[in-house]
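The values are calculated or read from the model by the stated rules, or taken from the named source; none is laboratory data. Here the structure is a predicted model, which means the values were calculated and not measured. Backbone-built Cβ (ideal geometry, glycine too); neighbour counts: all protein chains shown. Side chains are part of the model used for accessible areas, which takes the heavy atoms of the whole protein and leaves out ligands, DNA and RNA. Shrake-Rupley method; radii C 1.70, N 1.55, O 1.52, S 1.80 Å.
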Amino acid sequence: MSVLKADEPYPVWKLTTDSGTWVVKVDKPWGDYVHGLADQSGQLEAAAWRAGVSMAEPHLVDPDSDLVWRPIGDDLLARATRFVEGAHPALPADPSLARWAGGTIAALERLAIPADLKGDFDFTVHSMTDWDEWLDQGVDLGVIDGPAARTLKDCAERTYELLDAVIAAPPVKLTMHRDFSSDNIMVTAEGPVLLDFDSAGPQAPWWELVSVAFSLAGPALGVVPPERASVEACVEGYLAAGGRLGPTDESAFVGTLAGRLSSTAYELWRACGHRGGSAELQAQFGGLLRASIPALHHQLDATAEWASWLRGRPSGLPRRGPVPPQHHQLKRRDRQAGGQRDASLDHRPVPAVIGRISRRALGLDIEPHVFDCLRHRVGTLDALALQLHVLLGDRAVGAGELADQRAVLLAGVPGGGSERPDRALLQRAAAVHALGDQ
């Protein structure tokens, strides 16, 4: 037996037995609800292993059990996974590795493990009064200066604005990995392997995909610009493996930004001594905080550009045709009204392309006013194009995936703002049903 990691609260051990070499972890829950989260993460890990996901083998109590963590003395939990020989990948990730990562996230999504929302902290919103109090303390203690405090408050306000829209219509969350990073990928002689399901819990699969795509594309997101080729490869791998495209506007980054804001708040608390610790430890958190603030600010500024990368041409979709005349008319009307259009809308899929697809598939023309009512729903249009291609057979999928994509199309395409667009969408839905029954 040897120690792999000594800097954890409890050491991580490498143990060789008659059944092979294993990595053994011990942890102490910080609350009763953690036992439920451990059961949830074990359920995903066991299901992923049985489904053939490229990952470290978990040591299960028995082949049919989902129990990965097991209780030992003094209210501790322990677990073991088979030791994997290899090296962590360098960043930015090679497109082939990014493509594998996207496909792996889609594989975890397909397992459709329901999420226990007790461990969902994505929608935690602190009052700005609380932020003012914490930031004032940080300035008074010399942890941060005034400009940094104002920047962090601005970041909190902007992130909460994005959160408000999502809270009104939250995405469906499944049990996902939630710690899919280069630190938890091992590149072996047989290929990449995913490690460490310990943080698995509720997450929107699309949010996880976006977070992973950009974190693998740059070694320090918000400090070092990510590589676009790596991002696009990850998205393509996800879509090719059956992952479901989500919104491709700035809301796609809500999970990433909310997580980064939460960790920055934690760094502020620790640096101010709210969680105890030595003066040296508080100083370490102060350094992390001062690095996190400009990185978070840059991420917020960059999301509009990064969102356009998500709207790149997915594999298997046609290149966009000429911009239809009504698009130019809309832009002219906005300029004459003195309005400022969101630049990201210029990258949305061209309605004429989707119209051609739908006519070929369903013999049903989608009128321009339908797309006019949907023109602000960039993600919906992207998803519609992809799903129609699947229904056409332009992308090879199994019968189960075909049924899934048909269900998503019927449930996910919103009505417009009037009866007429709604009626057209219902006609299309009925035709899709007929197509699936043939």
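A few points about this structure:
- Rolling a 1.4 Å probe over the protein heavy atoms of segment 129-226, with every protein chain left in place, gives an accessible area that is 52 percent carbon and sulfur.
- Accessible area of V235 in the full protein assembly, 1.4 Å probe (Å², nearest 10): 10 Å²
- Within the straight-line cut-off of under 18 Å between alpha carbons, the lysines reachable from K25 are K5, K14, sequence neighbours fewer than 8 places apart in one chain being disregarded.
- List Y266, Y160, ordered by accessible area with a 1.4 Å probe, largest first: Y266, Y160
- Relative counts (whole %) of C-alpha pair distances in segment 166-311, using bins that are 10 Å wide: 10, 35, 36, 15, 3, 0
- Candidates per chymotrypsin sites (Phe, Trp or Tyr not before Pro) in segment 85-136, loop by DSSP, up to 16 other Cβ within 10 Å: F121, F123
- Three-way shape label, segment 176-217, alpha-carbon gyration tensor, a/c 1.5: oblate
- Accessible area per residue was computed with a 1.4 Å probe on protein heavy atoms; V3 scores about 70 Å².
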